[in-house]
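To start, the structure itself, in structure tokens.
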Amino acid sequence: MKNLIVASLTAFLAACGPAYEANFTGLNLGCCIVRDTLHTPSGQPMQKGISGLAGEIARLNPGSGTLQMEAKAPKGTVAGSGVASTIGVYSTQLSFGPNDPGEGAYAITATFRAPTRAQTDNPWSLLLIMRDPQSAADDLNGPRMQLSLRTVGMGAARDVEFRVQEMPDPANPSAPTTKLGTPIKLVGTPALVDIDAGNPFKMSLIINRHQGKGWAVLSTPSDNKEIPEFTMNLFTNKPTDPIIHTVGAALANTDPDNTASVEISHFEILTN
């Protein structure tokens, strides 16, 4: 395969093929976070996991087989505290390390539709997550990298940002959070018009551990946004860098009074 960073997303996906594809049919959604283990499309169904926070719901949409996720922060959550209720679909027990064979290239993609929440100054986000801890719960112990579509109200206006972040210690409020590449503001773009209209859109996070580089893409019916060739700090080819054990797609909400929701129709992991 061509160099990951100079190859197009389409070429990368075509060259790799799915190592994993989510199967939402027949899930037991009696609890909070839906967990999945690595399998082929004909493999085992997903299992449920527990986050420990209230206000998180996952259910199948009848007929479509898509997964509806809803989240509301716990009552009494203080604005700006960073406390969020998070629900997602995850694949665990992975081993994407700094010196893996092959080209060390990995991608996760998710297709979302109709993200909704009342506009307030409490942020909420759609997320693609790669992290070290082997847990389906929103485990803050250990380094992570995440691609987010983050929305926050600013008076009568709003700010919607497409961004990549690294967090060496998410459980420590004083630990640094680093933005990778240049975040993209979406207000006023055709991409956000598509999203607001309820059209499906795809978020993709691609990394190459051997090169220590990454690439993020937002694709809507009429627009594409890219954060090209950013340099990672946590997940490089150094032997001491952490191994990625868990990846997933999630919805996070810091507002205790308003429910955020989104529909997810597809989640996929690709490797090379």
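Here is how the numbers come out for the structure above:
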item	result
Note, ³J(HN,Hα) from phi for region 108-117, Karplus 6.51, -1.76, 1.60, rounded to Hz, x at Gly and Pro	10, 9, 9, 9, 10, 8, 6, x, 9, 6
Residues Trp215, Trp124, sorted so that the one with the fewest Cβ neighbours within 10 Å comes first	Trp215, Trp124
Calculated on alpha-carbon atoms, Rg and Dmax of region 81-198 in Å	15.8, 51
P(r) of region 207-272 over all Cα-Cα pairs, binned every 5 Å from zero, in whole percent	3, 11, 15, 19, 20, 15, 11, 5, 1
Hz values of 3J(HN,Hα) by residue in region 179-191 - Karplus curve (6.51, -1.76, 1.60), Gly and Pro given as x	7, 9, x, 9, x, 10, 7, 9, 4, x, 9, x, 4
Under 5 Å, built H, 5+ apart or other chain: amide partners of Leu180	Val164, Gln165, Glu166
Linear extension gain, Ser95 paired with Thr182, 0.36 nm per residue minus alpha-carbon span	28.5 nm
Phi-based couplings in Hz for region 160-166 (Karplus 6.51, -1.76, 1.60; Gly and Pro marked x)	10, 10, 9, 8, 10, 9, 10
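Values quoted throughout were computed directly from the atomic coordinates according to the rules given, and no laboratory measurement underlies them. Model, not experiment: these values are computed from the prediction. Quick reminder, even Gly has a Cβ in these numbers, built from the backbone with ideal geometry, and neighbours come from all protein chains shown.
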